Structures are given as C-alpha cells and as structure tokens.
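The values are calculated or read from the model by the stated rules, or taken from the named source; none is laboratory data. Computed from a prediction, not measured in an experiment: that's the story for all the values here. Cβ atoms come from the backbone with ideal geometry, glycine included; neighbour counts cover every protein chain shown.
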Amino acid sequence: MKVLFSGSDVEGEGEHKITEYIRIYKDSKDYVPDTKHCVYGLDADLIMLSLITHEPNVCVLREVNINITINITIDMTINITINITINIIII
C-alpha cells in the first residue's frame, strides 16, 4: 500500500492534486492496470473527478453526518430530548 500526502504547503485543491497524480501515474512506465485507488474527502467533486480518470478501481470514501433530535412529551410535564449523531462512511 502506498499512501500519499499533499498538504496545504503544496499549491492546488486536494481533489485536483489527487486526480492529477492518477493521470501522471497512468502515463508512467510503472503503471499497473490493477492498481486500486481509494480517495477520502467531503467534496462532491471527488465523485466526478474520480470518474474522469477512467480508472476501473477507484473507491471514494465519504463521511456523512446525520443528526437526529427526538422530542418526547409525556403527560405535558416531562420533556425528553434525545440527540443522536451518526457518522457513516460511504464507499
């Protein structure tokens, strides 16, 4: 497994840096068609940019936060509030 990190000290938006790396890798002599790419991020752009690479094995991980608030009133005297936060990673 190879993990790449390109911080804020490197110019460009993250999703564009990722797809640029995949394009450069596809043109290199080290390219292996079975390579699997896993991209994590919250931007919706990642889905479209991953499709544009035309790589067959690209997985986009996205985190979705769901907040649920339930208010229950019993006999007009007791008010119960339940807050639930669910973090889901979509593959």
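Out of the residues in segment 1-39 that are free of Cβ contacts under 8 Å to residues at least 12 places away in the same chain, among the aliphatic types (A, V, I, L, M) and assigned to a loop (DSSP other than H, G, I, E, B), which is nearest to residue 57 (Cα to Cα)?
This residue is 32.
Restricting to segment 57-90, name every residue that is modelled with pLDDT under 70 and touching a Leu at 6+ places or on another chain (Cβ under 6 Å).
Passing the criteria: only 89.
Looking at 15, 55, 11, which one is surrounded by 14 or more Cβ atoms within 10 Å (Cβ to Cβ) and more than 30 Å from residue 85 (Cα to Cα)?
After applying the criteria, what remains is 55.
Take the residues of segment 28-41 that are within 21 Å of the chain's Cα centre (by Cα) and either within 15 Å of residue 17 (Cα to Cα) or among the hydroxyl-bearing types (Ser, Thr, Tyr) (or both): which is surrounded by the most Cβ atoms within 10 Å (Cβ to Cβ)?
Going through the qualifying residues, I end up with 39.
Restricting the search to segment 40-57, which residues are in contact (Cβ under 8 Å) with a residue 24 or more places away in the chain and touching an Asp or Glu at 6+ places or on another chain (Cβ under 7 Å)?
Across segment 40-57, the qualifying residues are 41, 43, 45, 46, 49.
How many residues does segment 42-80 hold that are in contact with a strand residue (DSSP E or B) (Cβ under 7 Å, 6 or more places away or on another chain) and of a type in the set (Gly, Ala, Ser)?
Summing the residues that are in contact with a strand residue (DSSP E or B) (Cβ under 7 Å, 6 or more places away or on another chain) and of a type in the set (Gly, Ala, Ser) in segment 42-80 gives 1.
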